[in-house]
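Below: the structure, in structure tokens.
The values are calculated or read from the model by the stated rules, or taken from the named source; none is laboratory data. Being a predicted model, the structure only gives us computed values, none of them experimental. Using ideal geometry, Cβ is built from the backbone for each residue, glycine included, and neighbour counts are taken over all protein chains shown. Side chains are part of the model used for accessible areas, which takes the heavy atoms of the whole protein and leaves out ligands, DNA and RNA. Shrake-Rupley method; radii C 1.70, N 1.55, O 1.52, S 1.80 Å.
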Amino acid sequence: MTTLRSREAAGDTDWWRSAVVYQIYPRSFADDNGDGVGDINGIRSRLPHLARLGVDAIWINPWYPSPMKDAGYDVSDYRAIEPVFGTMADAEALMAEAHALGIRVILDIVPNHTSDQHPWFQAALAAGPGSPERARYIFRDGRGPGGDLPPNDWRSEFGGPAWSRVTEADGRPGQWYLRLFAPEQPDVNWDHPDVHAEFEQSLRFWFDRGVDGFRIDVAHGLVKDAGLADVAGLEFPLPDGTPEGVEHPHWDQPGVHDIFRRWRAVADSYDGPRVFCGEIWVGRDHRLTAYLRPDELHTAFNFNFLMAPWLASALRETITSTLAAHAAVGAPATWVLGNHDVCRPVSRYARPQDRVREGFPSLQGYLGLPADLDAGRRRARAAALLSLALPGGAYVFAGEELGLPEVEDIPLEARQDPMVAGTGGANIGRDGCRVPLPWTTDGSSFGFGPDGGAAPWLPQPPDWGRWSTAAQEGDPASFLELYRAALSVRGGHPALGDGALAWVDAGPDVLAFTREPGFGCWVNLGTDPVPLPAGRVLVASGPLGDGALPADTAAWLALG
Ligand code: NOJ
């Protein structure tokens with residue numbers, strides 16, 4: 001029998017350079033036991049869908065025991081399974097079944113912070129100031145009279161100061177601990193040898209169980225400035241022209257690279273590639289690709305591509321600079337259109353693209369901008385073909401293959417994202433892209449859970465079934481069939497995946513490139529149809545005029 005490991009033994013070790021990785025947010029994918037929250041057995045039941053879709057790997061957001069203050073990114077045990085999601089036996093069965101279908105499994109590791117319920121943090125609270133237990137986190141005395149002010153000016157990503165104050169055993173207000181995210185997510189101290197040992201042991205624990213890789217949460221945040229210097233207004237990402245040697249005190253500190261060199265050595269000690277993908281928000285390409293040097297991470301998410309508006313000039317520039325920077329370190333690029341933190345592409349591209357502001361592409365940033373969802377859908381379909389034709393690997397966030405829109409009208413009281421509470425409701429957070437998936441046209445949760453089971457953990461819109469897998473199956477004009485067709489061509493075409501491209505000048509509003517042997521991708525971002533070169537159409541994101549490519553449409557061509 002051909003297994004993944006036997007394929008690796010036969011030399012198929014570079015799969016990750018071209019892989020299409022499907023992201024599964026386990027709470028929202030499929031609910032097998034009917035409690036309203038997705039689970040591992042739900043994922044198992046849908047593996048045939050993924051095999052039919054044609055993806056190479058799945059990345060599963062954290063499935064470890066967690067109080068769920070940040071949907072699993074607050075981990076209380078890195079080497080076990082959260083009971084809401086299932087058991088270790090379920091997880092092992094999932095890995096075996098995925099592997100049998102030729103699908104690799106990538107987990108999510110959260111090394112910047114633990115849950116406040118992690119035994120280490122509980123011990124640190126109990127042990128008091130100056131104790132070895134507190135040294136594994138970042139505890140400091142406060143500033144000002146009585147130590148009543150946070151130790152520095154750092155801000156939490158979820159709003160407010162990045163510090164929380166503890167009450168000491170004698171009942172008095174005591175030290176402060178750093179938490180760049182929610183108060184229940186204390187940052188660990190990467191200067192401490194126990195922290196290195198703990199995380200390296202967790203990597204091994206899962207590699208020993210056959211896991212193929214890890215997505216690394218907030219990879220650019222682990223190391224903090226030794227003196228915890230104030231940010232003092234320094235912008236991040238660092239603007240162009242920032243003098244050499246000026247670094248942000250808690251993002252992208254140079255010391256972080258040593259951690260990943262050690263992790264790479266752990267991964268490389270296994271047979272067959274065990275790979276890393278960094279979640280790294282650092283702006284400039286060369287800062288990103290510094291993480292991808294040959295002895296560091298294998299890949300990183302390309303957020304610059306995700307953040308680029310649907311404008312030919314912006315996309316051309318991003319693609320060109322991405323490819324140049326990755327080539328310089330010998331790493332493959334990745335192409336990312338969405339994930340569980342950002343507004344879904346259909347709804348993002350529905351906004352007037354010359355008015356979307358730069359920066360983190362959350363729904364919050366689009367409120368107030370009119371949405372043309374038909375245009376959003378056309379563009380998201382074209383963007384899918386573009387991203388799957390570019391050199392390197394690609395990510396597909398569950399539901400992108402169905403063209404799900406962002407659910408924008410979840411009532412504030414139903415929203416679960418800690419960002420909502422952290423900002424006092426000023427930021428409506430990230431729930432809109434996390435709404436449980438529709439699998440069937442009707443039923444109490446559109447097939448997310450068993451009919452009559454508990455209501456899904458986030459409310460689904462009443463018309464959610466129209467985007468379901470069942471509604472799209474067999475419809476050649478659907479998102480699902482577009483993704484299937486594209487992945488099927490990609491899987492068999494020698495020009496696609498890792499490699500290079502050559503731009504073709506087809507006008508300022510057209511992205512056109514060829515790849516050898518004999519492949520062309522044409523994307524029209526203008527308003528008028530443009531001529532296509534002679535060639536056989538392999539896949540198109542929408543109906544083609546007579547030899548012409550309509551606005552907001554992409555086509556893949558077999559060129560002579
Ligand atoms: C990035 C994750 O993608 C996000 O969902 C989470 O809230 C933060 N890191 C904190 O872990």
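A few comments on the model shown:
- Selection from the stretch 237-262 of residues that are modelled with pLDDT of 95 or more and either touching a Gly at 6+ places or on another chain (Cβ under 9 Å) or at positive phi (or both): Pro249, His250, Trp251, Asp252, Gln253, Val256, Phe260
Yes/no matrix, rows are residues, columns are (1) open to solvent by less than 40 Å² (accessible area, probe 1.4 Å); (2) within 16 Å of the ligand (Cβ to nearest atom); (3) of a type in the set (Phe, Trp, Tyr); (4) at pLDDT 95 or above:
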site: Thr318; (1), (2), (3), (4): yes, no, no, yes
site: Ala327; (1), (2), (3), (4): no, no, no, yes
site: Trp335; (1), (2), (3), (4): yes, no, yes, yes
site: Leu367; (1), (2), (3), (4): no, no, no, no
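- A search for C-beta distances below 9 Å between a residue of the stretch 531-560 that is on the phi > 0 side of the Ramachandran plot and any residue that is part of a strand (DSSP E or B) and open to solvent by 30 Å² or more (accessible area, probe 1.4 Å), counting only pairs 6+ apart in sequence or on different chains, returns Gly547/Pro531.
- If you go through the stretch 105-160 and keep only what is surrounded by 21 or more Cβ atoms within 10 Å (Cβ to Cβ) and basic (Lys, Arg), you end up with Arg134, Arg136.
- The lone criterion from (1) of a type outside the set (Ser, Thr, Tyr); (2) within 16 Å of the ligand (Cβ to nearest atom); (3) open to solvent by 10 Å² or more (accessible area, probe 1.4 Å) left unmet by Phe214 is number (3).
- Cross-chain or 6+ apart pairs with Cβ under 6 Å, the stretch 436-454 first and modelled with pLDDT of 95 or more, then crowded, with 23+ Cβ neighbours inside 10 Å and charged (D, E, K, R): Phe448/Asp31; Gly449/Asp31
- Restricting the stretch 296-313 to residues that are of a type in the set (Gly, Ala, Ser) and within 17 Å of Trp281 (Cβ to Cβ) leaves a set whose member that is modelled with the highest pLDDT is Ala300.
- Residues satisfying the stated conditions in the stretch 358-377, i.e. basic (Lys, Arg) and more than 23 Å from the chain's Cα centre (by Cα): none
- Among the conditions (1) under 28 Å from Ser18 (Cα atoms); (2) touching a Gly at 6+ places or on another chain (Cβ under 6 Å); (3) free of Cβ contacts under 8 Å to residues at least 60 places away in the same chain, Ala219 misses just one, which is (3).
- All positions within the stretch 70-114 that are assigned to a strand (DSSP E or B) and more than 16 Å from the ligand (Cβ to nearest atom): Arg104, Val105
- Test: residue in the stretch 209-226 that is within 22 Å of Trp59 (Cα to Cα) and at pLDDT below 95: no
- Qualifying residues in the stretch 161-200 (those that are outside any strand (DSSP E or B) and open to solvent by less than 10 Å² (accessible area, probe 1.4 Å)) - the one farthest from the ligand (Cβ to nearest atom): Val195
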